[in-house]
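These notes concern the structure reproduced below.
Where a number appears in this text, it was derived from the coordinates with a stated rule and is not lab data. Only a predicted model underlies this, so the values are computations on that prediction, with no experimental measurement involved. Backbone-built Cβ (ideal geometry, glycine too); neighbour counts: all protein chains shown.
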Amino acid sequence: MHIAIITAGGAGMFCGACMHDNTWAKALRKAGAEVTLIPTYTPIRVDEEDMSVERVFLGGINVYLDQQSKLWRKLPRWMTTWLDHPAVIKLATSFGVTNDARKLGELTLAMLDGELGPARRQIEELAEFIGRDLKPDVVCFSNALLSGTVRLIRSHFSGPIYCTLQGDDVFIDSLPDPYRQACIRSMSERVREFDGIVVHSEFYRDHMSQMLSVPPELFEILPLGIDLTGHDGQVDKPESDSLTVGYFGRICPEKGLHQLIEAVLKLPCHGPRVKLVAGGYLGTRDARYFDEVSRAGKALGDRFTYVGSPPDRESKVELLKSFDIFSLPTTYREPKGISVLEALANGVPVVQPAHGAFVEMLSATEGGLLFEPGDPIDLATRIDELTHDRDRRIELARKGQMAVRTRFSSEVMAATTLAIFANEPPNRRLSRVTDRVGVETS
């Protein structure tokens, strides 16, 4: 089976969706499938071997200029394609990207317009590449924000087309109205053209089904999977006078580092001396937020350290292994939570907000505790429970580590994917059932 995965680059930052798509592609290849990972907008940035093709489709610079200028759209493509070169895009994104919600809203709507919008020429190039050059058995998009390309792709490709939803709502909800509502209406219309929608939790299936007014029967649930290579942290770490509470995720308000600092500040003074170590990507957009977080962290003195973004996978794993307790207290309802699985894989118990995918994840792994979302006092209480109960930490760590290995490995994810794609797509199945019911009732 040849699977084409169309992913969206993270504009030079480590992006959880990109990294998951890359791991997904690698696992599927290992399972015997032929996989082409196609980056759009920008090249992807990952902390492991990059599995994507070198060419970037729907290059972000040209997409932006096409949307901004009618004159630019009239230029021959041979005059503009140089801006789609990965090196040029990487250079441009190194200076930062816009976070103006109004401009992002306009650009998102333009992309959702697809064949009717300003990026038609570039979409046609992607469609021809898939239908004429690749000729895969299955196409899968990494988000619904790319769904404007589906109609043109169908004019060149007759096989099933799926879409993975893994955080589309977080971006859409960041847009001001009327852009937010307009994007939801457009996405609702466009995603119905997919043969199936893949999500990683029942929570996200139900949430996106309601948000986009799409039948839940159109969804397939694919559990997250991580590459377990190197994730071999020790469960029963030697006792120590101090314990490290760890954070690993993008440094931004949505991920909740400020809540974790506040929670550690609220811990009782007695008992083990708790340190807080944070790691993760910090972009220019969130520099002001990090300054605020750093000022709050000064109250912890040398007990708070930000170690930056690990340069490679090995450094990331070593950071996770150094934690005694892990928490990523997101302020939004997280649809994935890969870093939580990575912490559990290294024998680190977790403390997570009781919302989003975390509820299902901890129910499946039994590797941690839940706290009331947005309540740093309750977060502090849960952390305090674990700092004073070594046996409990070890019990949670052991269960979590075992569950990740048996239920959330990249091998399990690849096998489930192949089973999903080998079956009749949900949309076609629903259409067949609907047609049969119509005949029986006529």
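Data table
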read-out: Between 0 and 90°, nearest 10: helix 426-441 axis offset from the chain longest Cα axis; value: 60
read-out: Long-range amide H partners of F141 with built H, under 5 Å; value: I6, Y162, C163, T164
read-out: Euclidean distance of C-alpha centroids, the range 115-134 and the range 1-50, integer Å; value: 20
read-out: Ellipticity estimate at 222 nm from DSSP helix runs (n ≥ 4, -39,500 (n - 2.57)) divided over the chain, nearest 500; value: -13000 deg cm²/dmol
read-out: Tilt relative to the chain, helix 202-212 - C-alpha long axis, 0 to 90 degrees, to 10; value: 40
read-out: The range 242-407: C-alpha gyration tensor shape, a/c 1.5 cut-off, then a/b vs b/c; value: rounded
read-out: Set K26/K321; K90/K298; K237/K275; K266/K321; K90/K275 screened for pairs whose C-alpha atoms are more than 27 Å apart; value: K90/K298; K90/K275
read-out: Where labels lie 7 Å past Cα in the beta-carbon direction, separation of V170 and L134 in nm; value: 2.4
read-out: Percentage relative contact order, the chain, counting C-alpha pairs under 8 Å, at least six apart; value: 15
read-out: Those lysines that a straight Cα-Cα span of less than 21 Å connects to K30, excepting residues fewer than 8 apart in one chain; value: K135
read-out: Kirkwood Rh, Cα atoms: Rg over Rh of the range 221-329; value: 0.98
